[in-house]
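> Just dropping this structure here.
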Amino acid sequence: EAQVTQNPRYLITVTGKKLTVTCSQNMNHEYMSWYRQDPGLGLRQIYYSMNVEVTDKGDVPEGYKVSRKEKRNFPLILESPSPNQTSLYFCASSLHSSSLSYEQYFGPGTRLTVT
Amino acid sequence: AQTVTQSQPEMSVQEAETVTLSCTYDTSESDYYLFWYKQPPSRQMILVIRQEAYKQQNATENRFSVNFQKAAKSFSLKISDSQLGDAAMYFCAYRSGEYGNKLVFGAGTILRVKS
């Protein structure tokens, strides 16, 4: 089954304790992206990756890091989480924009609370 | 930068009735895609319908249809014969036809369905 998986689904942590949210897709997609969802703001892109070892900032990258060492994985790293990073996080993947297929596949979401 | 505006934070509809959710967007591009996503309480992002800007014909998927007015930069979603399972948050989203796969989302509209 084609899917995007995220772990953990729920996480409560404290300020300053480094954490990683994993994302993996089994569709051989080149493009992967992270979004955060906040009330009244919709989803906003944090970082994206066009392929292995190619990453770039989205609209709200402050306080986040990513890496793309393998095509299927795109972890989101919060090295020193703060309460304003409490949010619902989505990973998404798709074929590269040059292809005809433009649908993005979303993971199930990770609810992060930073106290 | 592109923006997407959903001016209705909440809408209600009686079961079996029709409801229209509004979306406007701002762009200087001529080639782009528009989407409606549904987010039920499970938080999963589900693609409901998509529209290519170069197509004049409005997209339709079963009970879901859009009214795409390119000149007015308007992209409303009509849900006919509303069902209890339609209750969810609905997001309108924009994707550039040229610059990457990033989705720009509106703030969302909560749809409540009354039995």
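> Does any residue in the stretch A:28-43 that is more than 8 Å from every other protein chain (Cβ to nearest Cβ) come within less than 7 Å, Cβ to Cβ, of a residue that is in a loop (DSSP other than H, G, I, E, B) and open to solvent by 20 Å² or more (accessible area, probe 1.4 Å) six or more places away or on a different chain, and which pairs are these?
Here the result reads A:Asn28/A:Lys71; A:His29/A:Leu95; A:Glu30/A:Leu95; A:Glu30/A:His96; A:Arg36/A:Val60, each pair linking the stretch A:28-43 to a residue that is in a loop (DSSP other than H, G, I, E, B) and open to solvent by 20 Å² or more (accessible area, probe 1.4 Å).
> So, one more: Grab the strands (runs of 3 or more DSSP E) fully contained in the stretch A:20-115, keeping just those with 3 or more residues being of a type outside the set (Gly, Ala, Ser) and closer than 25 Å to B:Trp36 by Cβ. Full working, then the answer.
Numbers: elements: A:31-38, A:42-51, A:54-57, A:76-78, A:87-94, A:110-114.
It comes to A:31-38, A:42-51, A:87-94.
> Same structure again: Restricting to the stretch B:47-63, give me the number of residues that are in a strand (DSSP E or B) and polar (S, T, N, Q).
Total satisfying the criteria: 2.
> So, in the stretch B:71-85, exactly how many residues are in contact (Cβ under 8 Å) with a residue 60 or more places away in the chain and not small (Gly, Ala, Ser)?
5
> Further question on the same structure: Filter the strands (runs of 3 or more DSSP E) completely within the stretch B:70-109 down to those with at least 2 residues that are open to solvent by 20 Å² or more (accessible area, probe 1.4 Å) and in contact with a strand residue (DSSP E or B) (Cβ under 6 Å, 6 or more places away or on another chain).
Values: elements: B:74-79, B:88-96, B:103-105.
Per the criteria, B:74-79.
Each row is one residue, and each column tells you yes or no for (1) modelled with pLDDT of 95 or more; (2) within 11 Å of chain A (Cβ to nearest Cβ).
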position: B:Asn58; (1), (2): no, no
position: B:Val66; (1), (2): yes, no
position: B:Ser80; (1), (2): yes, no
position: B:Ala87; (1), (2): yes, no
position: B:Gly97; (1), (2): no, yes
position: B:Leu103; (1), (2): no, yes
position: B:Gly106; (1), (2): yes, yes
position: B:Lys114; (1), (2): yes, no
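> Taking the residues in the stretch A:94-112 that are at pLDDT 95 or above and open to solvent by less than 30 Å² (accessible area, probe 1.4 Å) as candidates, determine which candidate is farthest from the other protein chains (Cβ to nearest Cβ).
A:Leu112
> Also, quick follow-up: Looking at the stretch A:1-14, which of the residues that are more than 14 Å from A:Arg72 (Cβ to Cβ), open to solvent by 80 Å² or more (accessible area, probe 1.4 Å) and not hydrophobic (A, V, I, L, M, F, W, C) is farthest from the chain's Cα centre (by Cα)?
Filtering first and then ranking leaves A:Glu1.
> Would you confirm, using the coordinates I've provided, whether B:Val13 is within 14 Å of chain A (Cβ to nearest Cβ), touching a residue at least 24 places away in the same chain (Cβ under 8 Å) and buried (at least 17 other Cβ atoms within 10 Å of the Cβ)?
So B:Val13 does not fit the description; no.
> Among the residues of the stretch B:53-66, which ones are surrounded by 15 or more Cβ atoms within 10 Å (Cβ to Cβ) and of a type outside the set (Ser, Thr, Tyr)?
Matches in the stretch B:53-66: B:Ala53, B:Asn58, B:Ala59, B:Phe64, B:Val66.
> Does the stretch B:16-46 hold any residues that are open to solvent by 30 Å² or more (accessible area, probe 1.4 Å) and assigned to a strand (DSSP E or B), and which are they?
Selection gives B:Thr20, B:Thr24, B:Asp26, B:Tyr33, B:Lys38, B:Ile46.
The values are calculated or read from the model by the stated rules, or taken from the named source; none is laboratory data. Just so it is clear, the model here is predicted, and its values are computed rather than measured. Because the Cβ atoms are built from the backbone with ideal geometry, glycine has one as well, and the counts that use them run over all protein chains shown. Ligands, DNA and RNA are stripped out before the accessible areas are found, and what is left, the full protein with its side chains, is counted by its heavy atoms. Shrake-Rupley method; radii C 1.70, N 1.55, O 1.52, S 1.80 Å.
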